[in-house]
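Trainee: Got a structure for you, questions after.
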Amino acid sequence: MESKRQIRIGTAGWSYKDWDGIFYPPELRSRKLHPLEYLPRFFDVVEINTSFYGHIKPELARLWSRKVAAVNPNFVFTAKLHRSFTHSPLAVMEPTSAATIKPSDADEAQAREGLDALATEGKLGALLIQFPVSYKNTSLNREYLDVLLRQFIEFPRAVEVRHSSWDNPETLAYFARQNIAFCNIDQPLIGRSLQPTEHVTSALGYVRLHGRNYDQWFDCDNRNDRYNYLYTESEIAGWKEKIERIAHQAEVTYVIANNHFQAKAGVNALELKHLLTGKRVTAPPPLIDHYPELKKMADPLYDDSTNPNLPLLA
């Protein structure tokens, strides 16, 4: 992956209680180290999920940027656009469409503040604009998307649509004209859900792996249950081939594992990193203990004494 055409692999989010003792070693908490002082030792991108639920505070964006830069200067963030721009306020009860999405002027100002702070620090790789499966390809929805893309034109943008009505030559041509990345996703195929694609419509390639937990995707007691899925070796190998084809056409390709339950995203992201580089990778020791299949491709990283600025973990 050390080439002109970059592939950046990481996870969707970094702050999950069920990662403690599985991805993050116990001493991380006892030594009061931030997760962003640990995760960049293994990956070079992470997708900010919290920005979907609450706007990024500029001071937090600057803090995150400086913490990751001290550990891995090459590290960047991608960030989800706040849900007020992409989901109905009653998305659980009604379909999302241009008629039901209701962002305010304050939402735009606050969203831009956080994104600007990341961009100023040189740490914003892309803005992810994520719509639900109920957001279909209609003339009204296309018009709304057009306005939204212009609102945030200063940022590198990727659009995730989940309904198959968007998978057509007209949409791809429009994205290409607007210099917008089409987000290729892996999700449970239910009804007219978008199937896995490998589209490239800008200098950015984008891939998100949600898992394939068909049974609990729409019918689960806890929203985290839908992400309780570990990709098999053959499933990951299939995506490795797709990612290579995407990366051949893009300048930078972001690959984000979103199957975060019990750090399974970390496992599959490391597997992809191994397959795409052809090299053994380093992994958190507790992750290897919890998922011993990683021993075939990963070595535990306990510290990095070669970097005097990096907090050591003994």
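The values are calculated or read from the model by the stated rules, or taken from the named source; none is laboratory data. All values reported here derive from a predicted model rather than from experimental measurement. Cβ: placed from backbone, ideal geometry, glycine included. Neighbour counts: every protein chain shown.
Trainee: Among the listed residues PRO40, PRO73, PRO25, PRO35, identify the single one that is touching a residue at least 40 places away in the same chain (Cβ under 8 Å) and either of a type outside the set (S, T, N, Q) or in contact with an Asp or Glu (Cβ under 9 Å, 6 or more places away or on another chain) (or both).
Mentor: Matching residue, one of PRO40, PRO73, PRO25, PRO35: PRO25.
Trainee: Is segment 275-282 home to any residue that is more than 21 Å from TYR206 (Cα to Cα) and part of a strand (DSSP E or B)?
Mentor: For segment 275-282, residues more than 21 Å from TYR206 (Cα to Cα) and part of a strand (DSSP E or B): present.
Trainee: Moving on. Hey, among the residues in segment 236-255 that are outside any helix (DSSP H, G or I) and β-branched (Val, Ile, Thr), which one's farthest from GLY205 (Cα to Cα)?
Mentor: Ranking the candidates gives VAL255 first.
Trainee: Go through segment 3-52 and report how many residues are within 22 Å of HIS248 (Cα to Cα), of a type outside the set (Asp, Glu) and assigned to a loop (DSSP other than H, G, I, E, B).
Mentor: Residues flagged as within 22 Å of HIS248 (Cα to Cα), of a type outside the set (Asp, Glu) and assigned to a loop (DSSP other than H, G, I, E, B) within segment 3-52 amount to 4.
Trainee: Now a separate question. Just checking, how many residues over segment 283-306 are modelled with pLDDT of 95 or more, closer than 20 Å to ASP44 by Cα and part of a loop (DSSP other than H, G, I, E, B)?
Mentor: So the count comes out to 2.
Trainee: Taking the residues in segment 137-183 that are in contact with a Leu (Cβ under 7 Å, 6 or more places away or on another chain) and of a type in the set (Gly, Ala, Ser) as candidates, determine which candidate is farthest from ALA79 (Cα to Cα).
Mentor: Top of the filtered list is SER164.
Trainee: Now, a different point. With respect to GLU47, is the statement that it is under 19 Å from VAL71 (Cα atoms) and within 16 Å of the chain's Cα centre (by Cα) true?
Mentor: When the stated conditions are applied, GLU47 passes them.
Trainee: Same structure, new question: Which of the following residues is crowded, with 20+ Cβ neighbours inside 10 Å, in contact with a strand residue (DSSP E or B) (Cβ under 7 Å, 6 or more places away or on another chain), modelled with pLDDT of 95 or more and under 17 Å from GLN130 (Cα atoms): ALA257, ALA247?
Mentor: So the residue among ALA257, ALA247 that is crowded, with 20+ Cβ neighbours inside 10 Å, in contact with a strand residue (DSSP E or B) (Cβ under 7 Å, 6 or more places away or on another chain), modelled with pLDDT of 95 or more and under 17 Å from GLN130 (Cα atoms) is ALA257.
Trainee: Let me confirm something: among LYS67, LYS102, which residue is more than 24 Å from LEU294 (Cα to Cα), in contact with a His (Cβ under 8 Å, 6 or more places away or on another chain) and not in a strand (DSSP E or B)?
Mentor: LYS67
Trainee: While we're on this one: Taking the condition surrounded by fewer than 20 Cβ atoms within 10 Å (Cβ to Cβ), of a type outside the set (A, V, I, L, M), touching a Phe, Trp or Tyr at 6+ places or on another chain (Cβ under 9 Å) and without any contact (Cβ under 8 Å) to a residue 40 or more places away in the chain, does HIS82 pass?
Mentor: no
Trainee: Specify which of the listed residues (ARG177, ARG280) is over 26 Å from PRO300 (Cα atoms), more than 20 Å from the chain's Cα centre (by Cα) and surrounded by fewer than 24 Cβ atoms within 10 Å (Cβ to Cβ).
Mentor: Result of the check over ARG177, ARG280: ARG177.
Trainee: Do you know which residues across segment 163-192 are under 17 Å from LEU128 (Cβ atoms) and either in a loop (DSSP other than H, G, I, E, B) or among the small types (Gly, Ala, Ser) (or both)?
Mentor: Within segment 163-192, ASN179, ILE180, ALA181, GLN187 qualify.
Trainee: Could you tell me whether TYR206 is modelled with pLDDT of 95 or more and under 17 Å from THR78 (Cα atoms)?
Mentor: So TYR206 fits the description; yes.
Trainee: Considering only segment 123-144, state which residues are outside any helix (DSSP H, G or I) and without any contact (Cβ under 8 Å) to a residue 24 or more places away in the chain. Before the answer, list the steps.
Mentor: Going residue by residue through segment 123-144, those that are outside any helix (DSSP H, G or I) are 123-138.
Hits for segment 123-144: nothing passes.
Trainee: I would also like to ask the following. In segment 56-87, what residues are of a type in the set (Ser, Thr, Tyr) and touching a Lys or Arg at 6+ places or on another chain (Cβ under 8 Å)?
Mentor: If the condition is that a residue be of a type in the set (Ser, Thr, Tyr) and touching a Lys or Arg at 6+ places or on another chain (Cβ under 8 Å), then SER65, SER84 are the ones that fit.
Trainee: Which of the residues belonging to segment 73-112 are closer than 17 Å to ILE9 by Cα and touching a Leu at 6+ places or on another chain (Cβ under 9 Å)? Lay out the reasoning, then the answer.
Mentor: Taking segment 73-112 and keeping what is closer than 17 Å to ILE9 by Cα, we get 73-80.
Scanning segment 73-112 gives PHE75, VAL76, PHE77, THR78, ALA79, LYS80.
Trainee: Of everything in segment 133-152 that's β-branched (Val, Ile, Thr) and surrounded by 11 or more Cβ atoms within 10 Å (Cβ to Cβ), which residue is nearest to ILE190 (Cα to Cα)?
Mentor: Result: VAL133.
Trainee: Sticking with this one: Out of segment 177-201, which residues are farther than 14 Å from LEU145 by Cα and hydrophobic (A, V, I, L, M, F, W, C)? Steps first, please.
Mentor: Of segment 177-201, the ones farther than 14 Å from LEU145 by Cα are 183-201.
Across segment 177-201, the qualifying residues are CYS183, ILE185, LEU189, ILE190, LEU194, VAL200.
Trainee: Mind checking which residues of segment 101-122 are charged (D, E, K, R) and free of Cβ contacts under 8 Å to residues at least 40 places away in the same chain?
Mentor: The answer is LYS102, ASP105.
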